[in-house]
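Remarks on the structure that follows.
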Amino acid sequence: EHGKQLCGLYIDFVDAWLSYKTSCPCPDKNYADMLAPVLFYEFPLFTADGEYDMQNGYDAGTQTLNWSYTSKSKAEHDKRIADFKAAANAFLKNVNPSDSEQLRAQALYHAFCTCQTYDYEVKDSRERVEAYYAYTLKRGVCITFACALSQLLAQIGIEATLASGDTAQGESHAWNIVTLDGKKYFCDSTYELTWQNGTAYAYFGMTMQD
């Protein structure tokens, strides 16, 4: 029941945001707080045109979640949505829906990795780390790439989730676990960028032994 309510809130929020509304019903602040990380991982468009105050965004009296926009009009808001869709579809256009899960995942992974650039300024500043920037700027750090790739894989019917840990040098890192034909594999689009400009499939479909 708890999960159903959170899913309902997420759907209501997305519908309201797409329509340029500034609020939606929310049962209590706990759900409002849980929505923020869901938006980070699942709804990159909010980064394009949305601001939410974690401290004051929830109104307990009216049981509503409230937010604002950085755009100055609905027309500008709609253009940002259209631009994002175009960027996402550019990654997806060479994926053949009739291909196997592995071939679909490979095609998407190749399209994604061959156009991304690791952004060392973002690594230091921790700004613009959201997945949205992998779509529009084609730049980011590991969490940017891992989130965006997970979202894109979902669009072609591939189950994927995030994995995280520390490198041998003690730095935090994020990558993906992808399910292909019932088996789970690791894919690391960040490390992929270090091999032949992302063209080598060196970090695609790795096993635990790899």
Rounded to the nearest 0.05, what FRET efficiency is calculated for residue 21 and residue 92 with R0 set to 35 Å and r the Cβ-Cβ distance?
0.80
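Rounded to two decimals, what is the ratio between the C-alpha radius of gyration of region 22-67 and 2.2 N^0.38 Å?
1.08
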Under 16 Å Cα to Cα from residue 93, which lysines show up? Leave out anything in the same chain fewer than 8 places away.
85
FRET efficiency, residue 121 to residue 179 (Cβ-Cβ, R0 35 Å, nearest 0.05)
0.55
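Where only protein heavy atoms count, and the probe is 1.4 Å, what is the accessible area per residue for the chain in Å²? Don't skip to the end; give the middle numbers.
Numbers: 11400 Å² over 210 residues.
Value for the chain: 54 Å² per residue.
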Using only Cα positions of region 41-160, each an equal point scatterer, no hydration layer, compute I(q)/I(0) via Debye at q = 0.15, 0.20 Å⁻¹ and quote the log10 values to two decimals.
-0.77, -1.12
Using a basic spin-label model with each label point 7 Å from the Cα along Cα→Cβ, how many nm lie between residue 56 and residue 99?
5.0
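Only Cα pairs under 8 Å and at least 6 apart count here; give the relative contact order of the chain as a rounded whole percent.
On the way: 297 pairs, mean separation 30.0, N = 210.
After rounding, I find 14 percent.
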How far, in nm, would the chain grow between residue 76 and residue 12 when pulled straight, counting 0.36 nm per residue and subtracting the alpha carbon separation?
20.9 nm
Label-point separation in nm, residue 209 to residue 161, each point 7 Å along Cα→Cβ
2.5
Where does region 40-90 land on Rg/Rh, using Cα atoms and the Kirkwood Rh?
1.07
In Å and on Cα atoms, what radius of gyration and Dmax does region 158-204 show?
11.6, 33
On a 22 Å Cα-Cα criterion, which of the cross-link pairs 21/72; 79/138; 21/138; 21/79; 123/183 come out too long?
21/138; 123/183
Whenever you get a sec, compute what percent of the accessible area on the chain sits on carbon and sulfur atoms (1.4 Å probe).
51
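The values are calculated or read from the model by the stated rules, or taken from the named source; none is laboratory data. Keep in mind it's a predicted model, so treat the numbers as computed, not measured. Counting neighbours? That spans all protein chains shown, and the Cβs are built from the backbone with ideal geometry, glycine included. The area values use the complete protein model at the heavy-atom level, side chains included, leaving out ligands, DNA and RNA. Shrake-Rupley method; radii C 1.70, N 1.55, O 1.52, S 1.80 Å.
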